[in-house]
Amino acid sequence: MARPPTLFSAPKARLLACILGVLVTATLITAGGATYLPFNEIDRIGVPILLFPLTWSLLFLYSAMANSLWRVWAVLSVLSVVHAGLIYQHLAG
């Protein structure tokens, strides 16, 4: 009989996702948020910076509490790639 997966399985990998993965993703979301928010120039820069702690804490809680570590890395990777693409598209013109 298979054991059900525990919440804190693979603590080193989960800690890496919680600290490094979430920090990189939240930073890219903050930088990429300025490309699609419907505000004027100052607010497009200021609002994502003010929302960075909220973004980081929500991603941190998700990565700490999710059952599947693969799903955590998939969500963080998709968010990072999408926002990196938005940043690249904005900078490339």
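Structural remarks
- Among the residues examined, Val82 does not qualify as surrounded by 12 or more Cβ atoms within 10 Å (Cβ to Cβ) and under 17 Å from Ala10 (Cβ atoms).
- Test: residue in the range 73-88 that is out of contact with any helix residue (DSSP H, G or I) (no Cβ under 9 Å at 6 or more places or on another chain) and modelled with pLDDT under 95: no
- Residue list for the range 9-44, restricted to those being in a helix (DSSP H, G or I), modelled with pLDDT under 90, of a type in the set (A, V, I, L, M, F, W, C) and open to solvent by 50 Å² or more (accessible area, probe 1.4 Å): Leu15, Leu16, Ile42
- Close pairs from the range 67-78: first farther than 19 Å from Leu23 by Cβ, partner open to solvent by less than 90 Å² (accessible area, probe 1.4 Å) and modelled with pLDDT under 95, Cβ under 9 Å, at least 6 apart: Asn67/Leu7
- Subset of the range 60-76 (residues that are among the hydroxyl-bearing types (Ser, Thr, Tyr) and surrounded by 13 or more Cβ atoms within 10 Å (Cβ to Cβ)): Tyr62, Ser63
- Scanning the range 10-34 for residues that are farther than 12 Å from Thr55 by Cα and in contact with a Pro (Cβ under 7 Å, 6 or more places away or on another chain) yields a single hit, Ala34.
The values are calculated or read from the model by the stated rules, or taken from the named source; none is laboratory data. Note that this is a predicted model, so its numbers are computed, not measured. Positions of Cβ are backbone-derived with ideal geometry, glycine not excepted, and every protein chain shown enters the neighbour counts. For the accessible areas, the whole protein counts, side chains as well, though only heavy atoms, and no ligand, DNA or RNA atoms are used. Shrake-Rupley method; radii C 1.70, N 1.55, O 1.52, S 1.80 Å.
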